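Each remark here refers to the structure printed beneath this line.
The values are calculated or read from the model by the stated rules, or taken from the named source; none is laboratory data. Everything quoted here is computed from the prediction, not taken from an experiment. Ideal geometry is used to build each Cβ from the backbone, glycine not excepted, and the neighbour counts take in all protein chains shown. Protein only, heavy atoms only, side chains kept; ligands, DNA and RNA dropped before computing areas. Shrake-Rupley method; radii C 1.70, N 1.55, O 1.52, S 1.80 Å.
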Amino acid sequence: MRLLPLVAGSLLTTLAFSLHAHNHDHHHHGHNGHDHDHGHKHEHGDSLGAHQHGVANLNLVLEGSTLAIELESPADNLVGFEYLPSTDADKAKVREVMASLRQADTLFQFPAAAGCSLDQVELQSPLFSAVEHSHKHDHDHGHAHKHKHDHDHDHDHKHDHDHAHNDIEAHYHFTCTNVAALNQIELKLFESFPRTEKLLLQAITPTGQQGGELSPAQNLIRF
């Protein structure tokens, strides 16, 4: 990993605050692998500071036994397009990416001795919202209305979203039973999403803050 000066942005601060709240809730209520899709929270695109294909942000906060990881990426890196899906093929691809993002163990590899397990996943993107809305609409209104609705929306999407720049956010919360053994994280994400060429890391851990640049050839985060 090539080290870079850390730029502690608002997103990392928000992640740290969210992690603190998560720890508080976890202490009182507990979590058991909850999976939430919150596409409605960020209906706009361009949540990244600079929307650059092939590049994504990876924010990480370790507090106590809880590890939070936040991936922010142009949709093109993960899906291969950024317009809102309208065809069956596009929707299937988006669902495939959503399923892959939920499989955290295929994206992040921890030392076995650290005993890290996934508590929660949250996915956010206008693309995910579009797929979920389409699924609900199809279920509620039936095939006949769906055909007309899809035709109308295909037309609208081609005009309104051919040049859209939409992003994807994935938030992961892990609990590690032996944090002392968590000395590194191997990123398998590059294998799952080969269009991602570079990750810009910002991390806050008990030992301090660090920033770095990760790539398929340099895919280890070392603490």
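Structure summary
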quantity	calculated
Answer from LEU123, LEU118, LEU127 - the residue that is assigned to a helix (DSSP H, G or I) and either modelled with pLDDT of 95 or more or closer than 18 Å to SER65 by Cβ (or both)	LEU127
Subset tally (residues that are surrounded by fewer than 21 Cβ atoms within 10 Å (Cβ to Cβ) and farther than 29 Å from ALA99 by Cβ) for the stretch 177-211	12
Candidate set: the stretch 111-129, residues that are closer than 20 Å to LYS91 by Cβ and of a type in the set (S, T, N, Q); chosen: the one surrounded by the most Cβ atoms within 10 Å (Cβ to Cβ)	SER125
Meets criteria (of a type in the set (A, V, I, L, M, F, W, C), modelled with pLDDT under 95, under 19 Å from ILE168 (Cβ atoms) and open to solvent by less than 60 Å² (accessible area, probe 1.4 Å)) for LEU58	no
Lone qualifier among SER100, SER73, SER86 - being modelled with pLDDT of 55 or more and either surrounded by fewer than 17 Cβ atoms within 10 Å (Cβ to Cβ) or in a helix (DSSP H, G or I) (or both)	SER100
